[in-house]
Every structure is written in C-alpha cells, then in structure tokens.
Amino acid sequence: MRKKIIAANWKMHKNRSEAQDYVNAFLPLWHEIKAADTEVIICPPFTILHTLQTALQGSTVMTGAQDMYWEKHGAFTGEISAPMLTDCGCSHVIVGHSERRHLLGETDDHINLKIKAALAGSLIPILCVGETLEERQNDQAFQVVQEQLDHALFEVDLATRNLIVAYEPVWAIGTGVNAGSEDAQDMIAFIRGQLFRQFNQELADITPILYGGSVKAANMREFIVKKDIDGALVGSASLDPGEFAEIARAVKNV
Ligand code: PGA
C-alpha cells in the first residue's frame, strides 16, 4: 500500500516567530488526529527552515525546501545546495513548481539536473508537473505532462525509489478553482502509466502521486478517495494551522 502524504508549500510567507506560532498551534491538532498512515511535510522559505526543523523536533512532521541548485557548492550567488538542505534537517525538496517554471524561467533541463542532485544528496524530490489553461483547452494536457515527465526524469536513477510526483494544473494554483476530482484522477492514473513506461511496474505502483491546486479541508476528501491520488500539495490553505490540520483529518483512514 502507498503512503498518504500532505505537503505544505508556504511559498514566500512567514518569518521565524510566525513559524514557531504555527508549530505551537499545529502539533497538538496533529497529535490528536493520530493519522499514522499519513506523512506531513512542511516546505517553508529557506530562511526559516532551521527554525521550523528545531520547532518540529520530536514530532513526525518533516521539512522540505521549495527549490535547490544542482551543484554542491561554488560560485553560484543566491543558490542553495542539497548538502545545505540536509544540514538544516530537510528530507524533501519541491522541484519544478509551476511558479518557478513560469515566473522564474526554470527549464526542463534545470529540473532534470535538480532531480538528479536531490536524489544524489539523499533528498526526496517532489516533482511538480501540470498544464496551463490554454494547453488544457487545446487538448494538450496529457501530452504536456508526458513531456514534462520525460524531461524531468531523463536518465534518472530511481533505484532508491524515492520520488513523489505532484500533479498541479497551473490554472488551479492559487485561483480557488480546483480541478475536478475525476479529471485529477485521470491525469494521475496517466502519470502512473508514464512511470511504468519510463521505469517499471514496481515504481509505478509505489510512487506517491499528489494532487495540488486550491486544495482545502472542504475538498480534500473528494480527491483522496480516488484510486490513484495519494494526497495533496497545499499552498494557501496550508498557511493556517487549523485548516491544514483539517486537511490531514480528511485524509485519515480513507
Ligand atoms: P494553492 O497552491 O493550494 O494555493 O493553489 C498549490 C501549490 O502551489 O502548490
């Protein structure tokens, strides 16, 4: 059975004291939910990774980064490497988020290098893929996602089997308009098929694939009951500890 995962993407929000307040509010709720079959990962800005990691010590909640660079060290002003992230206690890293692809010029080649460096550096990549509204309207969604996966995972060694994929249609991110759960299921089943094509049946079967895009406590269940959907990557709704805890509750025992 695949594990269920809810991952929080805080984007460019929160400072150190806000992160501490968040943990103080979230942990008692999370302990009360006792969702032993669910993993929680919080991905804050780099500047508060250490604060968050320290505040979460002793809990089962893990931390991840929102991006990384593929070299280990060197003259790369402004960048952060995999060893720096593991040094802060990170276990995961988001790679290829659509805001980085579309607003910050990240290319498929960059994403491929980052995935390889994350795995080599003992981080579990959360690879984001998803089509724009125009691509969906032009019936190109499946082709676009297939190409993103082909590029991102080109010559990637997944012997460690440590990959998470997040399907995040660009038009559903931060808009309040989530994808229909049937459409999300169809695309996520398709992604599983691509993992089989690119790798093997075992990897297709064990890789957690999340849905992301305007997930909140009120719609989480619609997605998690679907056969191939293993959880969610949550932006805005993860900023509130009570709402994020309710998302965890919705995932429990499904
Ligand atoms: P959203 O963001 O939940 O605010 O739509 C999701 C994401 O960007 O990962």
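The values are calculated or read from the model by the stated rules, or taken from the named source; none is laboratory data. Predicted model, so just to flag it, every value in this text is computed and none were measured. As a convention, Cβ positions derive from the backbone with ideal geometry for all residues, glycine included, and neighbour counts pool all protein chains shown.
Those helices (runs of 4 or more DSSP H) of the stretch 88-156 in which 1 or more residues are closer than 26 Å to residue 39 by Cβ and either within 16 Å of the ligand (Cβ to nearest atom) or hydrophobic (A, V, I, L, M, F, W, C) (or both) occupy 98-103, 108-120, 141-152. Quick check: anything in the stretch 63-70 among the polar types (S, T, N, Q), under 30 Å from residue 32 (Cβ atoms) and at pLDDT 95 or above? The answer is yes; a qualifying residue exists. Among the residues making up the stretch 1-33, those that are within 21 Å of residue 225 (Cα to Cα), more than 16 Å from the ligand (Cβ to nearest atom) and either surrounded by 15 or more Cβ atoms within 10 Å (Cβ to Cβ) or in contact (Cβ under 8 Å) with a residue 40 or more places away in the chain (or both) are 2, 3, 4, 30, 33.
For (1) in contact (Cβ under 8 Å) with a residue 12 or more places away in the chain; (2) in a helix (DSSP H, G or I), each residue gets a yes or a no:
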position: 185; (1), (2): yes, yes
position: 189; (1), (2): yes, yes
position: 192; (1), (2): yes, yes
position: 196; (1), (2): no, yes
position: 211; (1), (2): yes, no
position: 220; (1), (2): yes, yes
position: 223; (1), (2): yes, yes
position: 226; (1), (2): yes, no
position: 232; (1), (2): yes, no
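Of the numbered criteria (1) within 12 Å of the ligand (Cβ to nearest atom); (2) more than 18 Å from the chain's Cα centre (by Cα), the one residue 252 fails is (1).
Among the residues of the stretch 210-221, is any under 15 Å from residue 145 (Cα atoms), small (Gly, Ala, Ser), within 15 Å of the ligand (Cβ to nearest atom) and within 14 Å of the chain's Cα centre (by Cα)? Yes. Looking at the stretch 239-254, can you tell me whether even one residue there is part of a helix (DSSP H, G or I), within 20 Å of residue 130 (Cα to Cα) and of a type in the set (A, V, I, L, M)? No. Taken over the stretch 173-209, the residue count meeting the criterion of being more than 17 Å from the chain's Cα centre (by Cα) and among the hydroxyl-bearing types (Ser, Thr, Tyr) is 2.
Consider the stretch 68-87 and keep the residues that are assigned to a loop (DSSP other than H, G, I, E, B) and touching a residue at least 40 places away in the same chain (Cβ under 8 Å). The one that is surrounded by the most Cβ atoms within 10 Å (Cβ to Cβ) is 68.
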